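Structure incoming, see below.
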Amino acid sequence: MDRAKPGSKHHLAVDANGTPLAGIVTAANVNDITQLLPLIDAIPPIRGKAGAPQFKPDEVYADRGYDSEPHRDELRDRRIKPFLAKRNTEHGSGLGVIRWVVEQSEALVHQLRRLKMRFDKRDDIHEGFLNLAEIVICWRRLGSLMGYI
């Protein structure tokens, strides 16, 4: 049991290229599944073609920590295809081929020592540093696309 586990968890939603779309900070002892829908709701509108911006992703890929049939149904009600690894099944679901993008983005976030080891007592400061890390990742990806980096 990790009920008294100190620290924080970082929940990230990224696009197919690993660019962060939304991030949430929770206590380390909070169950992952409770953050699936708030994380989807935290994604800002996606601009693109003229017309109404897209507010939701088409598909969601997540690991076993987010597995829940009621949440799958809720995602389907929102017209989002859920690809959530099922608990108590053997590894090899094939989601790892896609999920490495999220793991890579989390590794980039944790390159900042201040996020890897939590030193801040206030949640708002820690969440601010998570947002800053997301901005740095976006800046680096944009710079590499533009040929600056």
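Please treat every number below as a calculation from the coordinates, not as lab data. Everything numeric in this text was worked out from a predicted model, so none of it was measured. Here the Cβ positions follow ideal geometry from the backbone for every residue, glycine too, while neighbour counts run over all protein chains shown.
Name the lysines eligible as straight-distance cross-link partners of K116: C-alpha to C-alpha under 20 Å, and not fewer than 8 places from it in the same chain.
K5, K9
Quick one: which residues, 5 or more positions from K56 or on another chain, have an amide H under 5 Å from its amide H? H modelled 1.01 Å from N in the peptide plane, none for Pro or chain starts.
Under 5 Å from the amide H of K56 lies no amide H from a residue far enough along the sequence or on another chain.
Can I ask one more? Return P(r) of region 33-83 (all Cα-Cα pairs; 5 Å bins starting at 0; whole %; ordered from short to long distances).
5, 19, 30, 24, 12, 7, 4, 1
When a footprinting reagent is the concern and you count Cβ atoms within 10 Å, what order do Y66, Y61 take, fewest first? Let's see the in-between values first.
Working: Y66 23, Y61 20.
Least crowded to most crowded, the residues run Y61, Y66.
Short version: ³J(HN,Hα) in whole Hz for each residue of region 10-24, in order, from phi by Karplus 6.51 cos²θ - 1.76 cosθ + 1.60 (θ = phi - 60°), x for Gly and Pro, what are they?
10, 9, 10, 10, 10, 7, 5, 9, x, 6, x, 9, 7, x, 9
How much length would be gained if the chain were fully extended between W100 and R114, taking 0.36 nm per residue of separation minus their Cα-Cα distance, in nm to one decimal? Don't skip to the answer; put the middle values down first.
On the way: separation 14, 0.36 × 14 = 5.04 nm, distance 2.30 nm.
Stretched out fully, the W100 to R114 stretch lengthens by 2.7 nm.
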